[in-house]
Amino acid sequence: MERLAQTCNIRLARENACNKVWVNGKDITEAIRRPQVTAAAHLVASNPAIRAQLVVKQRDIARQHPSLVTEGRDQGTVVFPQADYKFYLDASPECRAKRRWQELKQKNLDLSFEEILHSQQQRDQRDSTRTVAPLKPAEEAVVIDTTHMTIEEVVDYLYNYVKGKR
């Protein structure tokens with residue numbers, strides 16, 4: 001796995017108003033959002049050697065895309081600790097599970113709300129207690145509880161925050 005992380009070619013591209021992720025010439029944009037991938041992410045996240053390789057690749061991508069916006073559980077603490085803006089978006093476990101359930105339902109992936117909630121709670125526990133880059137907000141991150149916000153409201157909040165800081 002470490003060798004694969006070191007040698008793979010990761011590329012971001014904007015196509016038809018959508019951001020795409022390509023690995024070794026293959027579009028994996030949808031694949032990386034599948035429940036199986038989410039469930040297995042901890043296997044990579046807990047391996048320091050693989051993480052180190054992927055951090056290098058993410059930073060290389062950021063150099064190619066100076067106004068890149070990323071999301072992930074360690075983006076502000078590990079991958080981009082010097083980022084100009086850091087936000088930690090949170091929501092109640094039930095709200096997060098409902099959003100994920102709706103997302104998967106639109107893709108015709110049949111998981112129950114309870115399965116998703118349980119899976120997310122396990123992942124949160126595992127990620128927040130791991131030794132390597134535990135899940136936590138960056139000290140200087142703006143923490144936003146999105147439980148009672150629509151996606152449009154969250155985007156507006158982030159946009160206005162950044163606009164107000166410039």
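For the stretch 137-150, putting each phi into the Karplus relation 6.51 cos²θ - 1.76 cosθ + 1.60 with θ = phi - 60° gives couplings of x, 5, 3, 9, 6, 7, 8, 10, 8, 9, 3, 10, 10, 7 Hz, in residue order, rounded to whole numbers and with x for Gly and Pro.
The value of relative contact order for the chain, using C-alpha pairs under 8 Å at least six residues apart, is 21 percent.
A Cβ-based charge dipole, computed about the Cα centre of the stretch 2-165 with Lys and Arg at +1 and Asp and Glu at -1, lands at about 580 debye. For the stretch 48-53, backbone phi angles converted through the Karplus equation (6.51, -1.76, 1.60; θ = phi - 60°) give residue-by-residue couplings of x, 5, 5, 4, 4, 5 Hz, Gly and Pro being listed as x.
Which pairs break 28 Å Cα to Cα here: K20/K107; K26/K57; K105/K163; K98/K136; K57/K86? Flagged as over cut-off: K105/K163.
Which aspartates and glutamates, if any, have their Cα less than 19 Å from the Cα of K165, not counting same-chain residues under 8 positions apart? List returned: D84, E139, E140, E153, D156. For the stretch 24-119, the set of chymotrypsin sites (Phe, Trp or Tyr not before Pro) satisfying both a DSSP loop assignment and a count of at most 16 other C-beta atoms within 10 Å is given as Y85.
If you wrap the stretch 2-165's Cα atoms in a convex hull and average its projection over all directions, what's the area in nm²? Present the calculation step by step, with values, prior to reporting the outcome.
Numbers: hull surface 41.4 nm².
Result: a mean projected hull area of 10.4 nm².
What the phi angles of the stretch 104-121 give under the Karplus curve with 6.51, -1.76 and 1.60, with θ = phi - 60°, is a coupling list of 5, 4, 4, 9, 6, 9, 9, 10, 7, 4, 5, 4, 5, 4, 4, 4, 5, 5 Hz, glycine and proline written as x. In terms of overall dimensions, the C-alpha atoms belonging to the stretch 83-139 reach 37, 26, 18 Å along their principal axes, ordered largest to smallest.
Coordinate-derived values only; no laboratory data. Computed from a prediction, not measured in an experiment: that's the story for all the values here. Neighbour counts are summed over all protein chains in view; Cβ atoms, including those assigned to glycine, are modelled from backbone coordinates with ideal geometry.
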